[in-house]
Each structure stands twice: as C-alpha cells, then as structure tokens.
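Report on the structure given below.
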Amino acid sequence: MLKAIGLRSVDELFAPIPAEYRLSRDLKVPRQMAESEIVDYFRQRSRENGEGYTSFLGAGAYSHYRPVIIDSLISRGEFLTAYTPYQAEISQGTLQSIFEFQSMICELTGMEVANASMYDGSTAAAEAVMMAVRLTGRRSVVVARSLHPEYREVLATYATHQGMPLTVAGFGEDGRLDLEELEKSITAETGALLIQSPNFFGTIEDVAAIAEIAHKHGAMLVVSIAEAVSLGIVEPPREADVIAMEAQSFGVPMGFGGPYCGVIATREKFVRQMPGRLVGQTTDKHGKRGFVLTLATREQHIRREKATSNICTNQALIALMVNIFMTVYGKVGLKELAKHNLAKTAYAAGQFAKHGKVLFGGAPRFNEFALETSEDPYAINSRLLGHKMVGGLPLKKFYPELGNASLWCCTELTTRTAIDTAAGLIAESESSARSTKEEVEEVAR
Amino acid sequence: MKHMTRKATRHVNQNEGLIFEKSSPGKAAWKLPPLDVPEVNTSKLLGSSERKDLGNMPEVSEIEIIRHFTRMSTWNYAIDLGMYPLGSCTMKYNPRVNEAVARVEGIANGHPYQPEKISQGALQILKTLSECLIEITGMDAITLQPAAGAHGEMTGLLMVRAYHESKGNARKKILIPDSAHGTNPATAAMVNYAVENLKSDSRGMVDITALAAQMNEDVAALMLTNPNTLGVFEQQIHKIADILHAKGGLLYMDGANMNALVGKVRPGDFGVDVMHLNLHKTFSTPHGGGGPGSGPVAIKKTLEPFLPTPIVVSKPDGTLGFEYNRPQSVGRVRAFYGNFGMFVRALAYIQANGPDGLRQTTEDAVLNANYIRKGLEGTYDLPYSTPSMHEVVFSDKLQAKKGVRTMDIAKRLIDYGFHPYTTAFPLIVPGALMIEPTESESKEEMDLFIEAMKSIAEEVEEDPQTVLDAPHSTRVSRLDETAAARKPVLRWKPGS
C-alpha cells in the first residue's frame with residue numbers, strides 16, 4: 001500500500017504534523033492484553049462491584065427483569081454496528097423500529113408525538129423545560145423539590161446561561177407538591193413548571209390539579225417520569241404539555257448509571273420546538289411505505305446555532321432495548337408487571353411500618369416509599385450489607401429536613417423472603433437503638 | 001450489464017409490517033412468576049390515579065417478536081457487513097469482547113447509588129479509563145460524565161465560561177471555522193455565546209491572518225477540529241494556540257477526528273486547553289443506529305476546579321470514592337456518572353491494543369485514507385491537495401457536469417454493496433464526498449471500494465440516469481422526504 005501511495009515509510013504520512021509535537025515514546029497505558037486477560041480483568045472488577053447483592057435501591061435506576069430476547073436481538077450486528085439512519089434505503093430496520101418506539105411511547109404517555117430518544121431522563125427534563133421556555137417566550141421556571149435531586153442539578157446547569165431563573169416549590173405532608181406554595185411560586189413570568197410523577201419519593205402527584213394551576217398562569221407543565229413501569233397501572237399525566245421520560249426500567253440494565261434512554265413526548269402543535277431526532281412515515285418513488293428521519297430543520301446539522309438543541313448522537317440502541325421490552329410485555333403484560341410492583345411495595349411498606357414510620361401515607365404511591373427510622377439509616381444499611389443486602393437510599397444527603405428517612409424500592413424481582421429479612425434487620429436495629437437509648441437514659445438516671 | 005459489483009448480490013429480503021399490524025388479543029411473550037405476597041386492590045391503592053387501559057399497545061408472541069426484529073435488521077447496512085466509510089464518524093470494528101465484558105453481572109447490574117464500599121470495581125474502571133484518556137490526550141484532568149460528543153462540547157464550553165467568569169469576564173463569543181460540525185455552533189448557543197465564523201485559507205486550514213484580526217478580548221475560545229473536517233492537520237496549530245492565549249482566549253479541540261492522532265501526537269502537547277473525545281468513534285464503542293455515545297472532556301490544570309461533580313478520588317484508606325464538594329464546579333450535566341457501559345467497552349479496547357496497538361491503529365487509519373485518496377485521485381476532483389490524515393474529501397465537480405451530484409453517487413454506491421461516504425459536508429466544499437475508511441479495512445475491501453467508485457464514475461459518463469435513479473437494489477428507493485416533513489406522520493394509529 002505504501003508503494004501504491006508512493007511513500008517509503010508510514011512516518012512520512014505523519015509529516016504534516018510538526019516534528020516537535022510528534023510523540024517519540026510509547027503511551028503509558030496498560031500493556032496489550034489477550035482476550036482472556038481482558039475478560040478476567042472485568043470479572044474481577046465485577047466481583048468488587050456488588051455482584052450477588054439483593055438491593056432495595058431505586059431513586060431513578062430500577063432493577064426489573066430483562067427478557068433474554070432483548071440482548072439476542074440488539075446484539076445483531078445490523079442493529080449494533082449501524083450508524084444513525086441518514087441513508088434511509090439501507091437503514092429501514094433502525095427507522096421502522098424507532099417509528100414503533102415513538103408510537104408506543106405515545107400510547108403509554110397519552111401524548112401525540114415522541115422523539116427518537118434523548119441521553120437520559122435528567123437531560124430530557126432539562127431540554128423539555130428549555131422547549132417550554134421557547135414556546136411560551138417566558139424564561140422563569142418553577143421546579144418541584146420532589147423532582148429527582150440530580151435532575152434538578154442538571155436543570156440548574158442547563159439553565160445557568162440561558163437566563164432562566166429557577167424557583168423551587170416544596171412538598172407537603174403527603175409528599176406531593178405543595179399546591180399553595182406552587183400558587184405563590186408561579187408568576188406571569190413563569191414559562192415552565194417541572195414536576196415528576198411518580199415523584200422522587202414514589203408518590204403519585206395530582207397532575208390534573210397541578211396542570212390547572214400552571215395553565216391558569218399561562219405556564220407549560222413538564223412532567224418527568226423516572227419509573228417507566230408505573231405507566232402500566234398509573235394514569236399517565238395526560239394534562240401535561242410535555243413529558244420527559246427515563247425509560248431505563250423498560251429492559252435497560254442499571255449499568256452503574258448508564259447508558260439509559262431519555263425521551264420527550266408532547267402535543268403535535270409543539271413538535272417544531274422539540275429537540276432530538278424524529279422518524280416519520282413516507283413513501284418511496286414506487287409508492288411503497290418507508291421511514292425517514294424528518295423535521296431535521298430543528299436540528300444542529302441544518303440550523304447550527306439556531307437549532308432547538310445541540311443533540312446529535314442519541315441513545316438509539318438503548319431505545320431499541322426499550323422498544324423490544326414494550327413489545328414483549330405489551331398491552332396486558334405491562335399492566336400485570338406494574339401490579340406485581342405495586343403488590344410487593346405495598347407488602348414491604350406494611351412490614352416495614354411495624355418497625356419505622358412510612359412517610360407520605362396520604363397519597364398513592366407506586367414502587368417506592370420513604371421510611372423514617374429512629375436509627376441512622378447508614379447504620380441499618382451497614383447491617384444489611386453484612387447479609388449481602390443493599391438497603392434504601394438515605395435521604396438526608398438530598399433532603400436534610402427528612403432526617404433519618406430513607407427511600408426503599410421494590411420491583412417484581414424483590415422476593416417476599418428478601419422483604420421479610422430486611423424487615424427483620426430493621427427491627428433488630430430498632431430494638432438495638434431502643435436499648436441504646438434506654439442505656440443512655442439509665443446512665444442519665 | 002457492464003458494471004458488475006463484486007461485493008454485493010441480491011438475496012431474499014423478507015417483508016414485515018409494523019408490530020401493531022401483527023397484534024391480536026390473547027397473544028403474549030411474557031410470563032410473571034406466581035405472586036409471593038398478597039394481591040392488592042389497585043383501585044383502592046391508586047384511586048383516580050389508576051390506569052384502566054393501555055390503548056393500542058401490541059400483543060404478540062415471542063417468535064413473532066424475534067422474526068419482526070430479525071427481518072427488520074436485514075434491512076440495515078452495518079459495519080459487520082462491510083466498509084462504512086462515513087467521514088468524521090469513524091465507523092471502525094466494534095470488538096465483541098467489549099460487549100461480553102459489559103454484560104458481566106456486577107458491571108451490568110451495578111446500581112449507581114450502591115455504597116462505595118461495594119462499588120470499587122466500577123470506581124476502578126472510571127479511574128483507569130480516566131488515566132488512559134488523560135495520557136492519550138496529553139491533558140491534565142478529565143470528566144467522563146457527558147453522554148455524547150455534543151454533550152461533551154457543552155460541558156467543555158461551560159468550563160470555558162466558568163474559567164473566564166473566575167477571571168472577572170465571561171466574554172461574548174466563540175470563534176468557529178466554516179468547516180466545523182453543526183454541533184459546535186449549536187453548543188455555543190446553548191452556553192449563551194455568540195458564534196463568529198472563521199474562514200479557512202486556500203489549503204483548507206485556519207487562516208492565521210484572519211484569526212489574528214478577529215481575536216480580541218471578547219473571544220472566549222476557538223473551537224477547532226484537528227485534523228479538521230477536510231482530514232487536514234492544522235500545521236500552524238501552535239501559532240493558533242499562541243494567538244488565542246496572547247489575548248486570554250482558550251483553545252477548544254473537537255476530538256471527533258482523534259483517530260488520526262492517538263499514540264502519534266497529543267493535543268495537550270500542541271496547546272489545546274480543553275477537548276472532548278467520542279468513545280463511540282475513536283474507542284470502538286458501537287454506534288447502535290445512532291447511539292449511545294460518550295463524550296469525555298479532557299482539560300488542562302487551569303480548568304480543573306470547574307469539572308462537573310462528582311469526580312473520582314482516592315481516599316485516605318486506599319479505597320476509591322466520589323467527591324461532590326467542589327464549589328467552583330459547573331455543576332452536573334447528567335444524572336449519575338455518565339454512560340458507564342461505554343467506559344467499560346472503551347477500556348477493553350485500550351487493553352486489547354496497548355501502546356503499540358493504539359499507535360498502529362492510527363497509522364493504519366491514516367495509511368488507509370491515503371490509499372483511497374491515491375486510488376481515486378483523477379477520477380474524482382480533489383479540492384484541496386493538502387496531505388490527508390485519516391480521511392479524504394473529494395468533490396463531485398467532475399460528475400456534476402453530467403448532472404450527477406454527490407448524493408447520487410452515494411446512493412449508487414449502495415448498489416455496489418457499500419454504505420455511502422458522508423455527503424455534502426464539510427460545507428466549504430461544494431458537493432463533498434468525505435471518505436474515512438478507518439484502520440479496520442483490509443486492502444481487499446478498499447480495492448473493492450475503489451473499483452466501485454471508479455465504476456460509478458464511468459457510469460456517470462456513459463449512463464448518468466442509472467446513477468441518478470439509484471439505488472436499484474434496495475427495498476425502498478429515494479424516499480419522499482419533502483412529503484414526510486410537510487405532513488408529518490410520526491406515529492402509528494389504528495386504521496392508518
């Protein structure tokens with residue numbers, strides 16, 4: 001090949017790079033490894049990473065069963081190793097599957113259009129808010145304190161340089177958005193209200209009442225859904241103007257936080273302000289049905305600095321996982337799956353309530369609940385760890401006002417045995433905490 | 001037919017409707033275990049929040065699902081089927097060991113909030129990959145949080161802004177060459193910077209005189225792709241950096257074309273202050289039909305205080321943990337820690353290559369691009385004769401005389417069994433054909449490609465209509481994009 005090009009050495013190919021910058025040494029990276037060594041390396045890391053633990057963690061990353069055909073199908077090289085479907089004639093597989101994804105997301109959310117995916121639930125929420133700000137022409141944003149705290153942080157980052165002042169609206173006794181506080185927070189400058197339902201505590205918001213308040217003031221309501229399985233049994237927030245979803249629950253591994261699958265869904269009339277790729281149906285020159293990427297005039301490669309977002313690469317393969325999951329469970333299965341989540345969580349809340357206080361009982365919840373204990377949740381969790389169990393997420397990190405409360409999650413994979421064992425361990429801590437307290441009191445006496 | 005394609009032939013390609021069209025009540029592909037806790041009364045638990053109906057969600061059997069997606073998959077072209085010479089996209093082989101290790105239980109199923117004590121494996125992966133990427137780029141620190149290249153650009157510019165703000169003046173604009181990717185100006189807008197275009201010179205490089213004239217205290221940074229989108233290395237890169245630095249500006253490098261540099265030259269050594277990488281390009285993680293990507297941002301020491309939170313730190317007891325308390329941070333750009341599964345794959349790629357392999361990868365990528373350039377020079381117009389690195393940009397100037405444009409040639413290439421190159425980009429080349437073979441292609445595959453491109457050029461002379469009507473061998477041909485955009489049909493509806 002060098003001869004064909006007319007060169008003597010590979011080095012000549014790099015002549016355009018000024019000599020003083022060329023690297024004359026080896027990179028200091030691990031030495032070349034055989035495939036067997038690479039596999040060993042990651043198996044070892046896996047063993048150091050919670051392998052074999054039973055977990056009660058949710059909080060934006062959920063452990064649901066992943067039907068095996070998801071990986072069989074997404075491992076096909078034609079899906080795995082294809083690029084963005086710009087060349088429609090040889091990308092119909094990807095395009096049609098995205099069209100089906102968009103259609104099912106619309107069915108589940110009650111919205112009219114959905115995009116091909118966003119990076120994740122947090123960035124989808126931030127971009128949905130920016131979309132609402134463009135649509136209303138008002139820059140202020142009210143955000144629920146019961147929104148995932150990391151989503152709130154991401155929104156704050158995105159909003160900083162957009163001149164979008166953020167106001168936080170708190171939650172009431174039942175864990176839902178405090179409507180009185182909301183009334184006070186929303187003004188004539190508010191372009192968007194961002195809430196989550198089920199919210200960060202697993203509590204289902206009164207979306208209709210919230211939407212009424214938002215709309216009364218001319219603001220758009222953006223609803224974030226972090227636990228997609230809830231859509232099987234919880235009425236979707238149909239009153240919302242934009243829904244920003246995290247679809248990880250639909251067949252995507254928790255993978256230590258990513259890659260996940262965000263998606264934005266909205267009303268048809270708002271579609272031209274929606275960020276992200278869209279697949280549309282059309283016909284080819286012979287009149288045959290086919291699919292293409294469409295409404296690209298919203299996007300960066302056409303509009304550059306006037307685009308609705310800078311997003312280019314999205315989460316296509318993860319959206320395919322989600323698509324297959326939705327197809328497997330379908331109309332009946334998703335409902336049954338959601339019911340199992342509801343039942344396990346109701347059982348766990350009942351058991352745990354014997355040894356602590358389940359907060360926010362006044363409102364319906366899906367598969368998470370906050371449990372307040374007299375003992376520090378970190379102490380409880382360290383006892384559970386000894387039994388290869390990961391307890392609920394201590395909430396004080398994000399909500400100091402909730403003291404010793406922690407957030408527990410049950411899914412269809414959580415067994416009754418695990419719940420009973422955890423309840424026993426909490427009880428143990430309760431009694432030990434009581435005895436410690438008694439001892440302290442005794443000493444005081 | 002005179003022009004035969006040696007690579008592709010027709011094969012059986014099954015028809016397949018939409019999944020909704022296969023659905024009928026009672027079919028199912030799922031089975032839940034018996035419930036081991038008491039059943040609940042959903043109406044009582046949820047009240048008015050209970051959902052009664054899931055609309056038109058499908059009901060299908062498992063074999064139908066397998067066939068549905070398998071049939072659709074056969075309508076896609078993929079790297080696994082052959083050369084995918086999309087310029088600036090670095091469509092290299094996606095090693096299967098990467099997929100295997102990403103699915104090991106503790107790695108695939110780790111919860112982002114599980115205690116650090118039982119997250120040491122994941123933390124070690126984050127740390128090791130960070131160290132490798134810092135070494136490869138010659139930078140001082142890195143964040144792995146951004147989910148894709150454009151997200152990395154945003155993160156990088158947020159840090160640029162924070163840096164300038166810490167000096168008392170956020171500045172007003174970003175300079176962007178006319179050859180840049182569309183994400184660059186779109187990102188600048190998201191970080192509320194104005195965009196100012198910078199012209200390229202006659203060799204396709206940054207016009208140094210223009211840069212010197214446009215550079216002032218209002219410019220926060222120059223966003224530069226190097227090698228640029230013409231596949232040309234900016235030979236005056238250090239002069240560019242000096243001009244920026246002299247007026248307090250920063251040099252941002254878009255690392256889309258890093259596959260031309262790894263192991264041979266390091267951006268940190270030629271004056272770059274901040275840059276993003278695309279793990280889904282340079283580091284072999286699969287494109288998956290459009291994502292997921294991963295866009296780590298590497299920076300010089302001066303920008304370190306502004307990194308997104310959290311960062312991975314070594315703790316006094318020797319274990320690893322996350323550090324959240326960073327008052328000057330630009331904040332979070334994504335929930336959790338980024339596209340972790342992509343970090344696993346990228347690290348496996350680095351391990352499979354080692355220092356020698358990474359260097360050779362770059363050499364082969366550049367060698368391959370130059371081999372194609374030599375093979376097609378004369379047949380297609382080469383608008384810039386400046387030496388090519390990992391990609392080469394031709395134009396359709398010669399073929400346009402017969403009314404055939406770059407998109408037509410691209411569509412005809414499909415009939416020859418190849419994915420098209422990147423068309424009509426960069427914008428500074430009218431009718432561009434942007435070709436990037438990557439190191440993955442053998443001489444045999446590239447010879448087939450060169451033969452196909454030459455054959456198409458002959459067809460343009462003898463029978464341009466064949467090219468204008470292409471592709472001829474696909475399920476669908478020349479889809480009506482105008483109709484799709486004018487009256488958008490973005491979802492299936494019953495009866496549609």
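Quick check for me: using +1 on Lys/Arg Cβ and -1 on Asp/Glu Cβ, what's the dipole size of region A:69-326 about its Cα centre, in debye to the nearest 20?
For region A:69-326, the charge dipole is close to 1160 debye.
Using only alpha carbons, build the gyration tensor for region A:21-150 and give me the equivalent ellipsoid semi-axes, biggest first, whole Å.
35, 25, 22
Just need log10 I(q)/I(0) for chain A at q = 0.09, 0.10, 0.11 Å⁻¹, Debye formula, equal scatterers on the alpha-carbon atoms, no solvent, rounded to two decimals.
Reported log10 I(q)/I(0), two decimals: -0.68, -0.81, -0.94.
Over the alpha carbons of chain B, what is the largest minus smallest coordinate on each principal axis, giving the biggest first in Å?
Result for chain B: principal-axis Cα extents of 76, 70, 46 Å.
If you average the alpha carbon positions of region A:336-391 and of region A:1-44, how far apart do those two centres end up, in angstrom?
53
Determine how many Å³ per residue the convex hull of the Cα atoms of region B:19-75 encloses.
So the per-residue hull volume is 128 Å³.
Just to confirm my numbers, what's the Cα centroid distance between region A:115-148 and region B:421-449 in Å?
Cα centroid to Cα centroid, the span is 38 Å.
Run the paramagnetic zone check for B:R6: 7 angstrom along Cα to Cβ, then residues of region B:403-419 with backbone nitrogen under 16 Å.
B:416-418
Report the Cα centroid-to-centroid distance between region B:257-304 and region B:180-230 in angstrom, as an integer.
Each part's Cα centre sits 18 Å from the other's.
Mean Kyte-Doolittle hydropathy of 0.0 or higher plus an axial Cα length of 27 Å or more: which whole DSSP H helices in chain A meet both?
Span-like helices in chain A: A:316-352.
Could you work out the local net charge near B:H287, counting Lys and Arg as +1, Asp and Glu as -1, over the other residues with Cβ closer than 11 Å to its Cβ?
+2
I want to check the label-to-label distance for B:E165 and A:S75. Put each point 7 Å from Cα in the C-beta direction and report it in nm to one decimal.
Simple spin-label model gives 4.7 nm for this pair.
What number comes out for the charge environment of B:L448, summing +1 per Lys or Arg and -1 per Asp or Glu over other residues with Cβ under 12 Å away?
Value of the local net charge: -1.
Do any trypsin sites (Lys or Arg not before Pro) in region B:339-417 lie in a loop, going by DSSP, with at most 11 other beta-carbon atoms within 10 Å of their beta carbon, and if so which?
When the trypsin sites (Lys or Arg not before Pro) of region B:339-417 are filtered for loop state and at most 11 Cβ neighbours within 10 Å, B:K401 remain.
Using a Gaussian network model on chain A with a 10 Å cutoff between Cα atoms, which of A:C410, A:C106, A:C261 fluctuates the most?
Ranking A:C410, A:C106, A:C261 by mean-square fluctuation puts A:C106 first.
Based on a Kirkwood Rh over C-alpha pairs, give the Stokes-Einstein translational diffusion coefficient of region B:155-235 at 4 °C and viscosity 1.567 mPa s in µm²/s.
Estimated via Stokes-Einstein, D reaches 99 µm²/s.
Enumerate the residues in region A:160-181 having an amide nitrogen under 12 Å from the point lying 7 Å beyond the Cα of A:E372 toward its Cβ.
Under 12 Å, as judged by backbone N against the label point of A:E372, lie A:173-175 of region A:160-181.
Across bins of 10 angstrom width beginning at 0, how are the C-alpha pair distances of region A:230-279 distributed, in whole percent?
Computed distribution, short to long bins: 20, 44, 32, 4.
More than 19 angstrom separation, counting every C-alpha pair in region A:331-444; what % is that? Before the final figure, lay out the partial values.
On the way: 3080 of 6441 pairs.
Value for region A:331-444 (Cα pairs over 19 Å): 48 percent.
When the Cα atoms of region B:1-98 are enclosed in a convex hull and the volume is divided per residue, what value in Å³ results? Numbers along the way, then the final one.
Details: hull volume 25.1 nm³, N = 98.
Value for region B:1-98: 256 Å³ per residue.
How big is the Kirkwood radius of region B:98-350, worked out from every pair of different alpha carbons and given in Å to one decimal? Provide the component values of the computation, followed by the final result.
On the way: mean 1/r = 0.0540 Å⁻¹.
Hydrodynamic radius (Kirkwood, Cα pairs) of region B:98-350 is 18.5 Å.
At each listed q (0.10 Å⁻¹), what is the log10 of I(q)/I(0) that the Debye formula gives for the protein assembly as shown modelled as equal alpha-carbon point scatterers?
With one equal scatterer per Cα and no solvent, log10 I(q)/I(0) is -1.15.
Once label points are set 7 Å from the Cα along Cα→Cβ at both B:K247 and B:R203, what is their separation, rounded to one decimal in nm?
2.3
Please go through region A:370-415 and write out the trypsin sites (Lys or Arg not before Pro) that DSSP classes as loop and that have at most 16 other C-beta atoms within 10 Å.
The qualifying sites are A:K388.
Using a basic spin-label model with each label point 7 Å from the Cα along Cα→Cβ, how many nm lie between A:K354 and B:E217?
Result: 7.3 nm between the two label points.
Stretch B:S24-B:D53 to full length: gain in nm at 0.36 nm per residue minus the Cα-Cα span?
8.9 nm
Rounded to the nearest 500 deg cm²/dmol, what is the calculated helix-only ellipticity per residue at 222 nm for chain B, with -39500 (n - 2.57) per DSSP H run of length n ≥ 4?
-10500 deg cm²/dmol
Can you give me the P(r) profile for region A:69-326? Cα pairs, bins 10 angstrom wide beginning at 0, each as a whole percent.
7, 32, 35, 19, 6, 1, 0
Please report the net charge: other residues with Cβ closer than 14 Å to the Cβ of B:S314, K and R +1, D and E -1.
The answer is -2.
List every residue whose amide H lies under 5 Å from the amide H of A:T167, counting only residues 5 or more places away in sequence or on a different chain, with H placed 1.01 Å from N in the peptide plane.
It is A:V141, A:V142, A:V143, by chain and number.
Stokes-Einstein D for region B:361-482 at 20 °C, 1.002 mPa s, Kirkwood Rh over Cα pairs, in µm²/s?
Details: Rh = 14.6 Å.
The estimated diffusion coefficient comes to 146 µm²/s.
Where a number appears in this text, it was derived from the coordinates with a stated rule and is not lab data. Since we're looking at a predicted model, the values are computed, not measured. Reconstructed Cβ throughout: ideal geometry from the backbone, glycine too, with neighbour counts over all protein chains shown.
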